Amino acid sequence: MTAVAIPGLDTPPTTHSRVLSWVREVAELTTPDRVVWVDGSDEEAARINAELVESGTFVPLKGKKNSFWAASDPEDVARVEERTFICSERPEDAGPTNNWMHPDEMTATMSELYRGCMRGRTMYVIPFCMGPLDADDPKLGVEITDFAYVVASMRVMTRVGTPALAKFVDADGTEREFVPALHSVGAPLDAGQDDVAWPCSTTKYITHFPESRTIWSYGSGYGGNSLLGKKCYSLRIASVMARDEGWLAEHMLILKLISPEEKSYYVAAAFPSACGKTNLAMLQPTIPGWRVETVGDDIAWMRFGEDGRLYAVNPEFGFFGVAPGTSHKTNPVAMKTIDEGNSVFTNVALTDDGDVWWEGMSKETPAHLTDWKGRDWTPESDEPAAHPNSRFCTPIAQCPSLAPEWDDPKGVPISAILFGGRRATTVPLVNEARDWAHGVFMGATMSSEKTAAAAGKVGEVRRDPMAMLPFLGYNAADYFQHWLNIGANADAAKLPKVFYVNWFRRGDDKRFLWPGFGENARVLKWVVERIEGTAGAQETPIGMVPSAADLDIEGLSEPAEDIDASLAVDAAEWRQEIPLIDEWFDKIGDVPAPLRAELETLRSRLG
Ligand code: GTP
Ligand code: SPV
Ligand code: MN
């Protein structure tokens, strides 16, 4: 084969041999017009943003500094779970919850899709690092993409460019491992063909090869499908690394709660997509004396420290948050973060004076907007102005509640883990696990109504173990066993306490029983008091649940009946959960015995 001359390919800023050979291999397969090595500089970002404005992908905002509005293809608005694959050698290693195809078959199929797919486009090479650059074992990756929007967004979400690339080769010349992550929108351009603002393909694959720790994504520009450091690397591939190396890669926010006595507690919480992680991570407590600082809003990597406690690191560098519902009332910290500028807004509405708007942002609805599909919009329009899964992408450094230790490579010691979902019935506001195994059972059986974060029907209740259903890189039964092993290998007294929360229980008229948002601090306060042994709880068949008297509810405007109803444990409702859990465990297959035992305990306690 003759070496292909592609401008930029032969001027790499690294000597890392595998990076060089892989980039060449991809360039020869995808045949871009040119190759650009991303250095992460401000000058480069300004150039790429200008190109995105030129191509129509970005509209610069007048209302926010260095910020842009983008609208996706209307068919490319969310993660595509049915097109997401775990291609392990053996189907049983992908487990019953993932789509699987043999790696050879997938490699053959996708290689044909990739062949010539970057024709007429620029191929960007983005070296990146998930987590602090000065970690002992920095988790490196290289994303190749043909979409400048991905370059602009990766720069916000991860540590990219020259500082990351410097970690690829040690001073002594040792080359570090990295995750190769290939992305293409799958829309080659013929000579003279005009581009569209949001190129994508009707054929989509979001593929993970866990054994070779490789990611191949094709056909979509949407965040979770294209910003490959996020869900693809930091959860699906990292969960496999974590299984092999004895740590946890989880779909969790990390927050720091500071008591009036100035004592700090770190809490990690796993909620499914669009179920409140970003909001809880940025919570502003309504109760006097308590403060919350933010460490991360989506992903936690947790390892044991030398002291035997579990320490969490946020591998990300920005927030990719749900826009609708975000307001100065519900989440003032997020609003202040984006008001600093340097942000990308995708599929929100555009105001006439060049700023962004979405449902729930303000009491008054603007009289006229450009909706996410680029159409004139008025309050009389029958579709929302912003897509329900529209997102802001904004640098974490701009977050006013950021904890100073947020990027400490050691991480922060976790005192409590919360699991939670979106359930209109049955699940009480908060419930404390009796011990680690019971907590793992809570996580393994948690359930939630489907949201707009993934393509498909919204509202359906499904089991979403540890909020990882769409993000597990391996077999779910093995994952549950891994969680049990983490507990078995630890000093029980040093393990985080586990709780199960539900902010979304509803009354007969569908209103939320619990006010949520900043008021969730009352639940966090009870969690801390349980850790300290100072708060009461009632023993119920499902775990330890507070009564209203055990919670600090002073100053809440909700009627007492609503608070009681939010805390109620109705045995009849819970008996209806049992066959659903049976069905779920049957689907999983080899559920570890301690979790089967937990189910039998629950069954007998419910009578
Ligand atoms: P992903 O970024 O998709 O992983 O979602 P997330 O878990 O970060 O959810 P987020 O905090 O963005 O919240 C999703 C939606 O739930 C938003 O519309 C919020 O306004 C709403 N929400 C968050 N917290 C609460 C709460 O305590 N109560 C109620 N009723 N709604 C909430
Ligand atoms: C989620 O869906 O959980 C998100 C958005 O946080 S995405 O990055 O698309 O996964
Ligand atoms: Mn979020």
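Looking at the chain, what % of its DSSP beta bridges pair antiparallel, to the nearest 5?
For the chain, the DSSP antiparallel bridge percentage is about 65.
Report, by chain and number, residues whose modeled amide H sits under 5 Å from the one on Val498, excluding near sequence neighbours (fewer than 5 apart, same chain).
The list, which skips near neighbours in sequence, is Ile417, Ala433.
What relative contact order, as a whole-number percentage, does the chain give when Cα pairs under 8 Å and 6 or more residues apart are counted?
About 14 percent, as a whole number.
Under a Cβ-Cβ cut-off of 10 Å, what is the net charge of the residues other than Gly186 that fall near it, where Lys and Arg count +1 and Asp and Glu count -1?
0
Which of the lysines could be linked to Lys65 by a straight reach, that is with a Cα gap under 16 Å, when you skip same-chain ones fewer than 8 residues away?
Here the lysines satisfying the reach criterion relative to Lys65 are Lys336.
Helix 476-488 versus the longest principal axis of the chain: what angle, 0 to 90°, nearest 10, using Cα atoms?
60
Using θ = phi - 60° and the Karplus relation 6.51 cos²θ - 1.76 cosθ + 1.60, list the HN-Hα couplings for the stretch 184-198 in order, rounded to whole Hz, with x at every Gly or Pro.
9, 6, x, 9, x, 10, 7, 3, x, 6, 6, 7, 9, 5, 9
Between Asp33 and Ala568, what is 0.36 nm times their sequence separation minus the Cα-Cα distance? Round to one decimal in nm.
186.3 nm
Taking the Cβ of Ala437 as the center, what net charge do the other residues with Cβ under 12 Å away carry, scoring Lys and Arg +1 and Asp and Glu -1?
Neighbour charge sum, excluding Ala437 itself: 0.
Sort out for me the Cα centre separation of the stretch 172-188 from the stretch 6-43, rounded to whole Å.
Comparing the Cα centres of the stretch 172-188 and the stretch 6-43, I get a distance of 10 Å.
Taking the alpha carbon gyration tensor of the stretch 319-398, what are the square roots of 5 times its eigenvalues, largest first, to the nearest whole Å?
Working through the eigenvalues yields semi-axes of 21, 13, 11 Å.
So which GluC sites (Glu not before Pro) in the stretch 517-607 pass both tests, a DSSP loop state and at most 15 other Cβ atoms within 10 Å of the Cβ?
Glu554
Please report the base-10 log of the normalised intensity I(q)/I(0) for the stretch 46-139, using a Debye sum with one equal scatterer per alpha carbon and no solvent, at each q in 0.16 (1/Å).
Scattering profile of the stretch 46-139, log10 relative to I(0): -1.12.
Cut-off is 10 Å between beta-carbons; in what order do Val151, Val591 appear when sorted fewest neighbours first?
The order, fewest Cβ neighbours first, is Val591, Val151.
Tilt of helix 103-114 relative to the longest C-alpha principal axis of the chain, in degrees (0 to 90, nearest 10)?
Tilt of helix 103-114: around 50 degrees.
Can you check what the net charge comes to around Ala46, using other residues whose Cβ is under 15 Å from the Cβ of Ala46 (Lys, Arg +1; Asp, Glu -1)?
-3
Over 34 Å apart: what share of the alpha carbon pairs of the chain falls there, rounded to a whole percent?
40
When the Karplus curve 6.51 cos²θ - 1.76 cosθ + 1.60 is applied with θ = phi - 60°, which whole-Hz ³J(HN,Hα) does each residue of the stretch 243-254 get, with x for Gly and Pro?
4, 6, 10, x, 10, 10, 10, 10, 7, 9, 6, 10
In whole Hz, with x marking every Gly and Pro, tabulate ³J(HN,Hα) for the stretch 11-18 from phi via Karplus 6.51 cos²θ - 1.76 cosθ + 1.60, θ = phi - 60°.
Rounded to whole hertz, the list is 10, x, x, 9, 9, 4, 5, 6.
If you keep only loop residues by DSSP, which trypsin sites (Lys or Arg not before Pro) in the stretch 270-373 have at most 15 other Cβ atoms within 10 Å of their Cβ?
Lys329, Lys363, Lys373
Only loop residues by DSSP count here, and only those with at most 12 other Cβ atoms within 10 Å; note down the GluC sites (Glu not before Pro) in the stretch 432-511 that meet that.
Glu460
Here is the link list: Lys139/Lys450; Lys263/Lys410; Lys510/Lys587; Lys256/Lys457; Lys263/Lys450. Which ones come out longer than 25 Å on Cα distance?
From Lys139/Lys450; Lys263/Lys410; Lys510/Lys587; Lys256/Lys457; Lys263/Lys450, over 25 Å: Lys139/Lys450; Lys510/Lys587; Lys256/Lys457; Lys263/Lys450.
Per DSSP H run of n ≥ 4, the term is -39500 (n - 2.57); total these for the chain, divide by its residue number, and report the mean residue ellipticity at 222 nm rounded to 500 deg cm²/dmol.
After summing the helix terms and dividing by residue count, I get -7500 deg cm²/dmol.
Angle check, please: helix 42-54 long axis (alpha carbons) against the longest principal axis of the chain (alpha carbons), in degrees 0 to 90, nearest 10.
Around 80 degrees separate the two axes.
Check Gln538: other-chain or 5+ apart residues with amide H under 5 Å from its amide H, H built from backbone geometry?
Placed amide hydrogens put Val545, Ser547 under 5 Å from Gln538.
Show the residues, 5+ positions off or on another chain, whose built amide H is closer than 5 Å to the amide H of Ser217.
Leu182, His183, Ser184, Thr207
Laboratory data are not the source of any read-out in this text; all were calculated from the coordinates shown. All values reported here derive from a predicted model rather than from experimental measurement. Cβ: placed from backbone, ideal geometry, glycine included. Neighbour counts: every protein chain shown.
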